[in-house]
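Reading through the structure tokens given below for one structure.
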Amino acid sequence: MVSRVIPVDPFDLVIFGGTGDLARRKILPGLFRRFCAGQMPENARVIGAARTEMDRAGYQQMIREAIAEFNGDFEHDKAQLDGFIDRLEYVAIDAKGEDGWAELQKLMAGTERVEAYYFSVSPALFGDLAERLQQWGMADAQSRIVVEKPFGRDLKTAQALNATLAKYFDESQIYRIDHYLGKETVQNLMAVRFGNMLFEPLWNSQYVDHIQITVAETVGVGGRGEYYDKSGAMRDMVQNHLMQLLCLIAMEPPARFDPDAVRDEKLKVIRALDPVLPHHIARGQYQAEPCNEAEQPGYRTAVGDPRSRTESFVALKTHISNWRWAGTPFYLRTGKRMAARSSEITVVFKETPHSIFTEDAGRHRNVLSIRLQPNEGITLGVTIKEPGPGGMRLVDVPLDMTFADALGPDGSEQVDAYERLIMDVIRGNQTLFMRGDEVEAAWAWTDPIIQGWEARNDVPKPYDSGSDGPTDANELMRRDQRQWREYSA
Ligand code: NAP
């Protein structure tokens, strides 16, 4: 398979927060990989901007070190690294003050190229940055801004943030990143659904028993304790990542693969979601790892609050009230310090309406698994005859398409979500970015769940590190005579 790299137009990408964790760990290493792939045009520039005083050489050294640390096993030669580092500029700037803006303006003046401003800073600074970009005449109708999550912490704050950005930028200029949407398999989900005749006719409540979405992490809150404790799994994962996956799996076929057609359909799904009943949710908080408490502390120790009521795990059942999905439950779960790192969507089809075989053959269901990580790929479980004599016994076998196996070395060379999304910003393609109304609708669905917990003083149930979460999550399934699919490590 030949990988096709289409160069993008010349661009200037300003990264506010260019010295921060996200910039050093994801954005700049990702840009370097795109540079090595030949996608960055000759005269493209990346301009780091943050308060720390340093010169261009200092910033270049910082990013050299970041690439060495976070791009460890990516093969490249010194000339490539030097070539990329040569594209880097740095401006010491204060988002809240006047320092550095004249210098940035000078750097950006007189260039005829795509201008993108990545707000890789706390959302509290989004308004200041947007305002100053306008004040200093750096934002025209063609400029793009990229904003990171979290986009608000509830409907009210998200609306306020949208209103602030809307004062300075049109919606067509705003790129709200949810890096899950940049994952190869997520886009493959659309290819599988809308590129094959095989699945779409079965993609409804008549044939689908239920759908599960699991995003399990083995890590705990790590150094993000302070931030995470104000957020929790519902805000940090469900409102954005899981919700986006749910939209893509459940949406109607858009008329075209274009930004607004896709985002209109996603929005309809969110708006059709039923409110979640309290007994359809399980909330948990991880415990310390036995005998290893020093290295793997429990949630409350990790966040430094012995009485914290923030959840590190949530599992829930919801329904989509529309013609396609009425009666098909969607089960979502996500958590930290779980048994394996895995993101997977599972579509469990119904049994055949009538079995022609004896009872010994058992009843079977087709299961379609879409793995986002690890081993990105798609598996369809098909029922066949167990080989050998002894009558008709049925067995489920997987039709497995692990991308690395099916597509060969080039196909398995996955482009990281950030790389893809940044290149989409430069191309001006908003399909894989969340629109303001989508984000608000997602908060409108999430808010009552969180408010319910707060009103009831709900305490999340403890669960063992390295487990599948609290027993309540299994109970949620058991009550429906179903069970969570084992997620692959
Ligand atoms: P971080 O490590 O704390 O970096 C923040 C950056 O903002 C630093 O470069 C900091 O540099 C700069 N900054 C702070 N105040 C500033 C000001 N007044 N003017 C100009 N620059 C200022 O944070 P991060 O982890 O990179 O996260 C950045 C954003 O991405 C946040 O919104 C976060 O929620 C989001 N995010 C992060 C991750 C992740 O993996 N890190 C993942 C998803 C989303 P100076 O101190 O030198 O000014």
Quiz item: Taking the Cα centre of the chain as the origin and placing charges on Cβ (Lys, Arg +1; Asp, Glu -1), which of P448, G127, A361 is farthest toward the positive end of the dipole?
Solution: A361
Quiz item: Taking the alpha carbon gyration tensor of the range 370-410, what are the square roots of 5 times its eigenvalues, largest first, to the nearest whole Å?
Solution: 29, 11, 6
Quiz item: In a Debye calculation with equal point scatterers on the alpha-carbon sites of the range 195-303 and no solvent, what is log10 I(q)/I(0) at q = 0.18, 0.24 Å⁻¹?
Solution: -1.02, -1.42
Quiz prompt | FRET E, pair Q135, W323, Förster distance 60 Å, beta-carbon r, rounded to 0.05 | solution = 0.75
Quiz item: By the scheme Lys and Arg +1, Asp and Glu -1, what is the net charge of all other residues having a beta-carbon under 15 Å from that of E440?
Solution: +3
Quiz item: Mean shadow of the range 87-174, computed from the convex hull of its alpha carbons, in nm²?
Solution: 5.9 nm²
Quiz prompt | At most 11 other Cβ within 10 Å, DSSP loop - trypsin sites (Lys or Arg not before Pro), the range 335-425 | solution = R363
Quiz item: Pairing the Cα long axis of helix 417-427 with the longest principal axis of the chain, what angle in degrees results, from 0 to 90 and rounded to the nearest 10?
Solution: 50 degrees
Quiz item: In deg cm²/dmol and to the nearest 500, what is the mean residue ellipticity at 222 nm of the chain if only DSSP H runs of at least 4 residues count, each as -39500 (n - 2.57), divided by the residue total?
Solution: -9500 deg cm²/dmol
Quiz item: With each label point set 7 Å from Cα along the Cα-Cβ vector, what nm distance links Q373 and D9?
Solution: 3.2 nm
Quiz item: Under a Cβ-Cβ cut-off of 9 Å, what is the net charge of the residues other than L267 that fall near it, where Lys and Arg count +1 and Asp and Glu count -1?
Solution: +1
Self-check item: Sorted by Cβ density within 10 Å, fewest first, the residues Y117, Y207, Y59
Solution: Y207, Y59, Y117
Quiz item: Based on the Cβ-Cβ distance from V219 to S355, what FRET efficiency comes out when R0 is 56 Å, to the nearest 0.05?
Solution: 0.80
Practice problem: May I ask for the Rg/Rh ratio of the range 1-88, computed from Cα atoms with Rh as the Kirkwood radius, given to two decimals? | Solution: 0.96
Quiz prompt | Viscosity 1.002 mPa s, 20 °C: Kirkwood-radius Stokes-Einstein D of the chain over Cα pairs, µm²/s | solution = 88 µm²/s
Exercise. For the range 269-424, report the convex hull volume of the alpha-carbon atoms normalised per residue, in Å³, without decimals.
Key: 255 Å³
Practice problem: Give me E376, E53 ranked fewest to most by other Cβ atoms within 10 Å of their Cβ, as a rough exposure proxy. | Solution: E53, E376
Quiz item: Across every pair of different alpha-carbon atoms, what Kirkwood hydrodynamic radius in Å does the range 39-155 reach?
Solution: 15.9 Å
Exercise. Arrange the following residues from fewest to most other Cβ atoms within 10 Å of their Cβ: C291, C247, C36.
Key: C291, C36, C247
Quiz item: On average, how much area does the Cα convex hull of the range 394-474 cover when viewed from any direction, in nm²?
Solution: 11.3 nm²
Exercise. Working from Cα positions, state the angle (0 to 90°, nearest 10) between the long axis of helix 184-195 and the longest principal axis of the chain.
Key: 60 degrees
Self-check item: Charge dipole (the chain, unit charges on Cβ, about Cα centre) - positive-most of T383, Y168, M62
Solution: T383
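Each value in this text was obtained by applying a stated rule to the coordinates, not by laboratory testing. Every value quoted in this text rests on a predicted model; they were computed, and no experiment measured them. Heads up, the Cβs are rebuilt from the backbone with ideal geometry, glycines too, and the neighbour counts pull from every protein chain shown.
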